[in-house]
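**Student:** First the structure, then my questions, so here it is.
The values are calculated or read from the model by the stated rules, or taken from the named source; none is laboratory data. This is a predicted model, so every value here is computed, not measured. All Cβ positions, glycine included, derive from the backbone under ideal geometry; neighbour counts span all protein chains shown.
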Amino acid sequence: MELDLHTCRADPATVLLGESDTACLVVVGARGRGGFPGLLLGSTALAVATGGHCPAVVVREQPVDSGPVAVGVTGSPLSDIAVGHAFDQASARAEPLIAVHAWHPLGGDVEFAAAMGRDWAQLQDEQDQLLTGWLADWQRGYPGVRVTRMIATRRATRQLLDYDRIAQLIVVGCRGRSRISGLVLGSVPRVLLHQARCPLLVVRTGHEVSLPARPHGDR
């Protein structure tokens, strides 16, 4: 591996955002030396994670040596980008992937299902089928990655944070920050950026990865 070292006197966020134009990945600590003791996320990490031109990894604590990669799945285009990176990372690390689909059934959903003669298990099975469909192309592209599908009826942030002690990496899609408030757009990336203890890979629209080419003759 070739190591290219640069030292400069400039704003770290500005420099790293500039480097993200040509980098394939930027890695930053969650908080620098100058942050306040109670600060969970530093300004540099926030700027790079939400505004970089390439994916960014935010590291808060010492990563574990082995463990799964976890990703939240919603079926949206941004979620699909995150899923692609999650499969790519799991494959490169030779680790399993935990795919979490958080589903919040409303009381009316359960009552309607009961009126139609369907039970709770059927509703759960429908969500599992959705998740399976969202993962299908990536699963075919990465046949060596072992996937655990998780259907959760609690918030996605709480479910993903349950894995931050054992996971090598959590992958999340982020829409960036509001120009007016400066807040991270989306509750899941906002909470994970401030609370996830394992490294967090943040991807945005434009950070797509391609499916691996299938072997000749594979259908």
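**Student:** For the list (1) modelled with pLDDT under 85; (2) in contact with a strand residue (DSSP E or B) (Cβ under 8 Å, 6 or more places away or on another chain); (3) not polar (S, T, N, Q), I need the number of the one condition that Ala114 fails.
**Tutor:** Only one criterion in (1) modelled with pLDDT under 85; (2) in contact with a strand residue (DSSP E or B) (Cβ under 8 Å, 6 or more places away or on another chain); (3) not polar (S, T, N, Q) is unmet by Ala114, namely (2).
**Student:** Another question about this same structure. Name the single residue that is modelled with the highest pLDDT among those in segment 179-197 being surrounded by fewer than 16 Cβ atoms within 10 Å (Cβ to Cβ) and in contact with a strand residue (DSSP E or B) (Cβ under 7 Å, 6 or more places away or on another chain).
**Tutor:** Leu185
**Student:** A further question on this structure: Are any residues in segment 127-171 loosely packed, with under 14 Cβ neighbours inside 10 Å, more than 25 Å from Ala213 (Cα to Cα) and not hydroxyl-bearing (Ser, Thr, Tyr), and if so, which ones?
**Tutor:** Of everything in segment 127-171, those that are loosely packed, with under 14 Cβ neighbours inside 10 Å, more than 25 Å from Ala213 (Cα to Cα) and not hydroxyl-bearing (Ser, Thr, Tyr) turn out to be Gln129, Arg154, Arg158, Arg165, Ile166.
**Student:** From the list Leu25, Leu40, Leu3, which one is surrounded by fewer than 17 Cβ atoms within 10 Å (Cβ to Cβ) and either of a type in the set (Asp, Glu) or modelled with pLDDT of 90 or more (or both)?
**Tutor:** Leu25
**Student:** Let me ask something else. Please give the number of the condition Ile81 fails out of (1) in a loop (DSSP other than H, G, I, E, B); (2) β-branched (Val, Ile, Thr); (3) modelled with pLDDT of 90 or more.
**Tutor:** (1)
**Student:** Condition first: at pLDDT 95 or above and not aromatic (Phe, Trp, Tyr). Now tell me which residues in segment 141-159 satisfy that.
**Tutor:** Gly141, Pro143, Gly144, Val145, Arg146, Val147, Thr148, Arg149
**Student:** To continue, here is another question. Within segment 165-178, identify whether any single residue is modelled with pLDDT of 95 or more, more than 16 Å from the chain's Cα centre (by Cα) and not acidic (Asp, Glu), and answer yes or no.
**Tutor:** no
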